[in-house]
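Reading through the C-alpha cells given below for one structure.
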Amino acid sequence: MTLSDLPDAERPVPSGDRTLPGGDSTLPGGDRLLPGGDRTLPGGDSTLPGGDSTLPGADRTLPGGDSTLPGGDRLLPGEDRPFPEAARPLPEAARPFPEAARSTTALAEPVERVRSLWITGVVLVNVGINAAFFGPIQVLLGQQAIHFDESQKEAILALVTGCGAAVSLVANPLFGAFSDRTTSRFGRRVPWVVAGAVLGAAALMALAGAPDVAFMTILWCLVQAGCNGAYAAITAAIPDRVPVPQRGTVGGLAAMGQTVGILLGAVIAAVVSGNFALGYMICAAALLAGVVLYLFKNDDDPLPAADRPPFRIAGFLKGFWVSPRAYPDFGWAWLTRLLVNIGNHMVTLYLLFFLRDAVQLKDTQGLEPEVGVLVLTGLYAVMVIITSIIGGALSDRMGKRKPLVIASSGIIAVAALILAFAPSWAGAIAGAVVLGIGFGSYLAVDFALITQVLPTALDRGRDLGVINIANSMPQVLAPLIAYPFVAFLGGYVSLFIAAAVIGVLGAVFVVKIKSVA
C-alpha cells in the first residue's frame, strides 16, 4: 500500500507531524488537529466543534456554556453538583466572582447599597416580631397560667414555653428553606414575612380567649411557628439585598429593632396591668403593623422556576445538615455563636435570684429584686441598641469582622467576671452595662460575618435558620449547665466564672474562620 492509498484522516502530516489514533493529527509546533478541522492552540488550549474552547489547565467549555472543573466534574447552568475536595467552592461571599454565572438577580451577590426606607422596613419587622414574642414570654403567658391554676402556674408556664421553644427550633430553618424555594412573583421572602405575621397575629388573638391549658399550648406553638416563619424570611432578606460592605450597619440596625421589640413587649405587658387578653391583642396589632412598610417597599426579586432545583424529600431533609468538613467556616461560626449565647444566658438566667440572695437588694438598697431586674434589663437594652449600631457601622468601615467579634465576646466574658467578683448593686449595674456593650456589638458584627460564610445563595434562608438554632438551643442548654454550678459547685461565683470561660472559648474559636477578615 502506498501513502496515496491511505485515507485522508490517517495520512501523516508533512515535516514530521504524526497521525494519532482516531485520526487526530499534530501540526508543526505541537498543535493538534481534531476531526473536522478544529485545532488546539499552543499550550494545549483547544477549540471544539462549534467554536467552543478549552481554557488553560484543561478546564473546557462545552456547547451551551456547560463547563468542566478541574478533576472532570461538570457544572451545568443552575445546577449544584458535588465537587472533588480540590475543587470545592468557597463560601459565596469569598468567591472571586460570586454567582457570576447566575441568570437571575435573586441569587446574585448584591452590589448596590440598600435605601434607608428598605432598612426601616426590615427594622420594623424585627420590632413587631420581638414584641409579639417577648410580651407574652415576659409577662402575659405567666398571667394566663395564673388565671388557669395559680397553684400549678410554674408547671403550666414551663409546658407552654417549652413546647413553643421546640417549635421554634424546627420552624425557623424549615420556613427559611421554604422561602428559599418560593417562586412567587412577589419574591422569595415577602410571602413568608406576611403569612408568618398573619398566622402569628391570628394565634395571639385566639390565645386571648383560650379555654384551657391545652389550647393555650397549641396556640402559643402557632404563634412561634408564624413568628419564626416571618423572622427566617426577613433575616435571609439581608444577605439577599445588602452588599457585604453594608451588612454590619444593617445587621446592627436589625439587632436594634430586635431589642426595641423586646422593650416594647415589656411596655405592653406593663400597660395592660394584668389584662393578658388585651395584651395579646396589642401584641398582635404590633406584629401586623411591623410588616406593612416592608410589604410595600421590599425590592424582593422573584426566583425563576428554572432556578429552583427539583424537590426530593430525602435531599431536602439532608440539606439541613451543613457539613462542617465541606464548609468549615460555617461550622465554626455556628459553634462560636452557640458558645457566646450559652454564656450570655447563663449570666441572665438567675439574675432575679442573684439580686435577692447574693446582692440582697431588698436589705441593702430597699428595692424589690423584680424592680432591680427591670432596671438592669433597661440598662442592658440601651447599651445593646447603642453598640449594635456603632459596632456594625465600625466593622463596615474597617472592612473586618473577626477582630470586633473576638473583642465583643471578650467583653461579654468580662461582664460575667464583674458579677462574679463584685456581688453588689453597683457591681450588678456595671455588669449589666458591660454585658450590653459586648452583646450589642456582637449581635451586629457576628451576623454580618455569618452572612459571608453561607454556603450558597440558593439556601440562605435555610442556612440562617440552622444558625438560629445556635440562638434558641442555649435556652435549653444554659439551665442544664448552670444549675450544677449554683447548687453544688460554688454558687454564683462559679456560675459566672464558667459563663466567662464559655464566652472566651467562643472568642477563641472565631480565629478558625478563614474566609472572612
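The values are calculated or read from the model by the stated rules, or taken from the named source; none is laboratory data. This one's a predicted model, so the numbers in the text were calculated from it and none came from an experiment. Glycine also receives a Cβ, built like all others from the backbone with ideal geometry; neighbour counts cover every protein chain displayed. Protein only, heavy atoms only, side chains kept; ligands, DNA and RNA dropped before computing areas. Shrake-Rupley method; radii C 1.70, N 1.55, O 1.52, S 1.80 Å.
Only one residue in ALA195, ALA171, ALA202, ALA214 is open to solvent by 40 Å² or more (accessible area, probe 1.4 Å), part of a helix (DSSP H, G or I), among the small types (Gly, Ala, Ser) and touching a residue at least 40 places away in the same chain (Cβ under 8 Å), so which one is that?
After applying the criteria, what remains is ALA202.
For the range 435-457, indicate whether the set of residues that are charged (D, E, K, R) and outside any helix (DSSP H, G or I) is non-empty.
Residues of the range 435-457 that are charged (D, E, K, R), as a first pass: 446.
Those left that are additionally outside any helix (DSSP H, G or I): none.
No, every residue in the range 435-457 fails to be charged (D, E, K, R) and outside any helix (DSSP H, G or I).
Kindly indicate whether VAL160 is modelled with pLDDT of 90 or more and in a helix (DSSP H, G or I). Walk me through it before giving the result.
On the way: modelled with pLDDT of 90 or more: yes; in a helix (DSSP H, G or I): yes.
Considered against the rule, which asks whether it is modelled with pLDDT of 90 or more and in a helix (DSSP H, G or I), VAL160 comes out as yes.
Output the residues belonging to the range 246-271 that are small (Gly, Ala, Ser) and surrounded by fewer than 21 Cβ atoms within 10 Å (Cβ to Cβ).
Across the range 246-271, the qualifying residues are ALA266, ALA270.
Being within 29 Å of ALA470 (Cα to Cα) and open to solvent by less than 50 Å² (accessible area, probe 1.4 Å) is the filter; apply it to the range 346-371 and report the residue that is modelled with the lowest pLDDT. It would help to see each step written out before you state the result.
Pass one, the range 346-371, residues within 29 Å of ALA470 (Cα to Cα): 346-355, 370.
So of that shortlist, the ones also open to solvent by less than 50 Å² (accessible area, probe 1.4 Å) come out as 346-347, 350-351, 354-355.
On the way: MET346: 91, VAL347: 89, TYR350: 84, LEU351: 87, PHE354: 90, LEU355: 92.
The extreme case among them is TYR350.
Within the group VAL260, VAL267, VAL291, VAL272, which residue is in contact with a Leu (Cβ under 7 Å, 6 or more places away or on another chain) and within 22 Å of GLY135 (Cα to Cα)?
Working: VAL260 fails: in contact with a Leu (Cβ under 7 Å, 6 or more places away or on another chain); VAL267 fails: in contact with a Leu (Cβ under 7 Å, 6 or more places away or on another chain); VAL291 fails: in contact with a Leu (Cβ under 7 Å, 6 or more places away or on another chain).
The conditions single out VAL272.
Can you tell me how many residues within the range 435-484 are open to solvent by 20 Å² or more (accessible area, probe 1.4 Å), touching a residue at least 24 places away in the same chain (Cβ under 8 Å) and over 19 Å from TYR380 (Cβ atoms)?
10
A quick yes/no check of all residues on (1) under 16 Å from the mean Cα position of the chain (by Cα); (2) over 24 Å from PRO173 (Cα atoms):
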position: GLY436; (1), (2): no, yes
position: LEU458; (1), (2): yes, no
position: GLY465; (1), (2): yes, no
position: MET473; (1), (2): yes, no
position: VAL476; (1), (2): no, no
position: PHE485; (1), (2): no, yes
position: GLY490; (1), (2): no, yes
position: LYS512; (1), (2): no, yes
position: ALA517; (1), (2): no, yes
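Every residue in the range 225-245 that is over 15 Å from the mean Cα position of the chain (by Cα) and open to solvent by 10 Å² or more (accessible area, probe 1.4 Å), please.
Going residue by residue through the range 225-245, those that are over 15 Å from the mean Cα position of the chain (by Cα) are 225-227, 243, 245.
Of everything in the range 225-245, those that are over 15 Å from the mean Cα position of the chain (by Cα) and open to solvent by 10 Å² or more (accessible area, probe 1.4 Å) turn out to be ALA225, PRO245.
Step by step: first the residues of the range 272-284, then only those that are part of a helix (DSSP H, G or I) and open to solvent by 60 Å² or more (accessible area, probe 1.4 Å), then the one that is farthest from TYR442 (Cα to Cα). Which residue is that?
Residues of the range 272-284 that are part of a helix (DSSP H, G or I), as a first pass: 276-284.
Checking which are open to solvent by 60 Å² or more (accessible area, probe 1.4 Å) leaves us with 278, 281-282.
Numbers: LEU278: 35, MET281: 33, ILE282: 31 Å.
Ranking the qualifying residues of the range 272-284, first place goes to LEU278.
Within the set of pairs 6 or more residues apart or between chains, which connect a residue that is among the charged types (D, E, K, R) inside the range 270-297 to a residue that is open to solvent by less than 60 Å² (accessible area, probe 1.4 Å) with Cβ atoms less than 8 Å apart?
LYS297/TRP118; LYS297/GLY121
Could you list, in sequence order, all residues of the range 289-310 that are among the aliphatic types (A, V, I, L, M), farther than 20 Å from LEU199 by Cβ and surrounded by 17 or more Cβ atoms within 10 Å (Cβ to Cβ)?
The answer is LEU303, and nothing else.
Considering the range 475-517 alone, what residues qualify as being in contact with a Phe, Trp or Tyr (Cβ under 6 Å, 6 or more places away or on another chain) and outside any helix (DSSP H, G or I)?
Within the range 475-517, just ILE513 meets the criteria.
Listed residues ILE418, ILE429, ILE386; which is open to solvent by 60 Å² or more (accessible area, probe 1.4 Å) and of a type outside the set (Lys, Arg)?
Result: ILE386 is the single residue among ILE418, ILE429, ILE386 that is open to solvent by 60 Å² or more (accessible area, probe 1.4 Å) and of a type outside the set (Lys, Arg).
All but one of (1) surrounded by fewer than 21 Cβ atoms within 10 Å (Cβ to Cβ); (2) in contact (Cβ under 8 Å) with a residue 60 or more places away in the chain hold for VAL516, so report the exception by its number.
(1)
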